[in-house]
Amino acid sequence: MKTHELEKELGISKHTIFYYEKEGIVTPQRDDNGYRSYSQEDLQKLIMVKFLRNLNISIDDVKAILNNELDFKECLKINQIHLEKQIKSLEEVQGNIEMYVRKDLPMLPALQQIQRETKNYKLGYQKTTDTVSLGRRLTKKLAIKKFLYKFIPTFLIVLFFSAVNEQDVLTRVLSVLVISFVFTNGFIAADFQFSQLWLRLPLDQTRNQSVEFLNDRIRYYRFKGFKDNLKYFYAVLFGKEAKFMNEYKYEDIQSVELLLKHRYENYGTPIARDWYVLDYRFEFKDGNHFYFYCPFTIDDDARFIGMILDEKVENVIDKDHVIDALKNGIHLNDYMKKDSVKYFV
């Protein structure tokens, strides 16, 4: 049997056949013209080799099996262990690829240091998108939830107090709906204007707010007035929010300032807890700026943000050197305590 006939019979290339010959698996005879001539025994050996190689068995183990130096079943068990390790490794690679695609991350060598991490938080602290962000973006799903959470109890309360009015059912229901809708809009606007109402500062801070760090740019919504915030909310509700978003490429950012603040907060208790947090001030080359008051981060977003700022933003103002804490996933309280110990030592 000639080489081209063997190729057709086995469905492998002549280079592969020559490689097996080089490895000593087959030793074809030569005819009078010097062409290789393969015997039936060579064919059977190559059929067996193809079978074993399709099981991802190494060529050395293939030769050992053919020479009765290695038990086929034992080889399969060993190979199964190796394959399970490879599958696990490939699944990790696949998971990382899916994460980078979902998060729309820029290409940074430092990203390999971060292991994928997802945590389950209490209601109200869940991420709304997969992108790396300060805070969380208002999405359609979240907007619907917020609207219903505000509208339904408002409707029931207004309905209860409207019972004293002597009106026909239809008029009563319509008036209750209108009043409930007006009050709901007020609550939604108050949710956006959290900083102005409670902090009495012209800052952008609420769980509706976020700065997203994408592949080549950042994206955020800048809070404005009552009407604009309501327009934005309903635009999100109907999937039309793109025109309200601000976007800047990393090269268009003049600077990002990390402002470490030592604050005291209490959550429904008379005892205040001291807490180190970061405010962010973004300055853009077109003269615009954006101040984000105490945004929270979830999962490993703080580490991603630290690395992206370090690599992609030309001027990071970091007087307290906290970017290292972000990049290494160290809580600011722990980081500052560590620095305090160094100072006193």
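The values are calculated or read from the model by the stated rules, or taken from the named source; none is laboratory data. These numbers were taken from a predicted model, which means no experiment stands behind them. Backbone-built Cβ (ideal geometry, glycine too); neighbour counts: all protein chains shown. Quick note on the areas: whole protein, heavy atoms, side chains included, nothing else; ligands and nucleic acids left out. Shrake-Rupley method; radii C 1.70, N 1.55, O 1.52, S 1.80 Å.
Surface analysis of the range 21-77 yields an accessible area of 68 Å² per residue, using protein heavy atoms and a 1.4 Å probe.
Seen from Ala235, the other residues with C-beta closer than 11 Å to its C-beta sum to a net charge of +2, counting Lys and Arg as +1 and Asp and Glu as -1. Counting heavy atoms of the protein chains alone, Met307 has an accessible area of about 10 Å² for a 1.4 Å probe.
Quick check on my link table: of Lys150/Lys224; Lys285/Lys319; Lys150/Lys319; Lys85/Lys249, which ones sit more than 31 Å apart, alpha carbon to alpha carbon? Please report the intermediate quantities before stating the final value.
Working: Lys150/Lys224 21 Å; Lys285/Lys319 21 Å; Lys150/Lys319 42 Å; Lys85/Lys249 41 Å.
From the list (Lys150/Lys224; Lys285/Lys319; Lys150/Lys319; Lys85/Lys249), the Cα-Cα distance tops 31 Å for Lys150/Lys319; Lys85/Lys249.
Ranking Lys14, Lys103, Lys73, Lys2 by solvent-accessible area of protein heavy atoms (1.4 Å probe, all protein chains present), from largest to smallest, gives Lys73, Lys14, Lys2, Lys103. Taking every protein chain into account, the 1.4 Å probe leaves Arg53 with about 100 Å² of accessible area, to the nearest ten.
At a 1.4 Å probe radius, which order do Phe181, Phe161, Phe18, Phe192 fall into by accessible area, largest first? Display every interim value, and only then the final one.
On the way: Phe181 90, Phe161 135, Phe18 65, Phe192 0 Å².
So, going from the largest accessible area down, we get Phe161, Phe181, Phe18, Phe192.
Heavy-atom accessible area for Tyr220, with the other protein chains in place and a 1.4 Å probe, reaches approximately 10 Å². Sorting Ser13, Ser180 by accessible area puts them as Ser13, Ser180; the probe is 1.4 Å, largest comes first, and only protein heavy atoms count.
Report, in listed order, any pair from Lys127/Lys312; Lys14/Lys73; Lys140/Lys231 with a Cα-Cα distance greater than 19 Å. Don't skip to the answer; put the middle values down first.
Numbers: Lys127/Lys312 24 Å; Lys14/Lys73 30 Å; Lys140/Lys231 13 Å.
Beyond 19 Å: Lys127/Lys312; Lys14/Lys73.
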